[in-house]
Amino acid sequence: MKTLARAPDVSWGYRRPIIICLLGATLSEVGIFLIFGLLLFPEGDWVSKFLWTVVFCGVGLGSVLGAAIILFVQDRLTEWNAILATTAWSTALLGIGCNLLCYRLDANYFEYFGGQDNAALFLGNGLIMATVGGFAAGWLLFSVQGMRLLTRLGF
């Protein structure tokens, strides 16, 4: 019996930014939850902290960043321009927009992660993580070496 060849999956490229940003944001938020939510500031309800960081921020903002990359970077920019644009989007959306919103919520209402007493630590951590994470995502998605790595990993 003759086997039919499969056509290449051209849609994989549009799923990659969503998957990479979801994984990156969720893993980063797990780290924030463990370090800030349980170790540094253990008081408060850990279930609410987990839902806020990992579920709402990790999944929600990872999806938003992935969609922004698809809409504004992919198929428009290449190589270093795309890497820098991805870094800028991550810094703007996550490091500035989300971080300021979460800081205000934490400092004024929830007091889960030390925003009220440690504003510089809260804001600095979020900004640095968003910038480094955006650069890593851009490198994985838009450099030849990054795309090879993703392919080897099955993404």
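The values are calculated or read from the model by the stated rules, or taken from the named source; none is laboratory data. Every value quoted in this text rests on a predicted model; they were computed, and no experiment measured them. Glycine gets a Cβ as well: all are built from the backbone with ideal geometry, and neighbour counts include every protein chain shown.
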- Task: Working carefully through the options Gly44, Gly58, Gly13, Gly66, find the one that is modelled with pLDDT of 95 or more and surrounded by 13 or more Cβ atoms within 10 Å (Cβ to Cβ).
- Result: Gly66
- Task: Give the number of residues within the range 16-41 that are among the aromatic types (Phe, Trp, Tyr), within 16 Å of the chain's Cα centre (by Cα) and surrounded by fewer than 21 Cβ atoms within 10 Å (Cβ to Cβ).
- Result: 0
- Query: So, of the residues in the range 133-155 that are without any contact (Cβ under 8 Å) to a residue 24 or more places away in the chain and surrounded by 16 or more Cβ atoms within 10 Å (Cβ to Cβ), which turns out to be nearest to Ala88 (Cα to Cα)?
  - Reply: Gly146
- Message: For the range 95-127, give me the residue count where each residue is of a type in the set (Gly, Ala, Ser) and surrounded by 16 or more Cβ atoms within 10 Å (Cβ to Cβ).
- Response: 5
- Message: Among the residues in the range 42-64, are any in contact with a helix residue (DSSP H, G or I) (Cβ under 6 Å, 6 or more places away or on another chain), among the basic types (Lys, Arg) and either in contact (Cβ under 8 Å) with a residue 24 or more places away in the chain or not in a loop (DSSP other than H, G, I, E, B) (or both)?
- Response: yes
- Task: Considering each residue of the range 65-77, count those that are within 14 Å of the chain's Cα centre (by Cα) and part of a loop (DSSP other than H, G, I, E, B), and give that number.
- Result: 0
- Query: So which residues in the range 106-127 are part of a helix (DSSP H, G or I), touching a residue at least 12 places away in the same chain (Cβ under 8 Å) and not aromatic (Phe, Trp, Tyr), if there are any at all?
  - Reply: Asp106, Ala107, Ala119, Leu123, Asn125, Gly126, Leu127
- Task: Determine if the range 82-94 includes at least one residue that is loosely packed, with under 14 Cβ neighbours inside 10 Å and out of contact with any Leu (no Cβ under 6 Å at 6 or more places or on another chain).
- Result: no
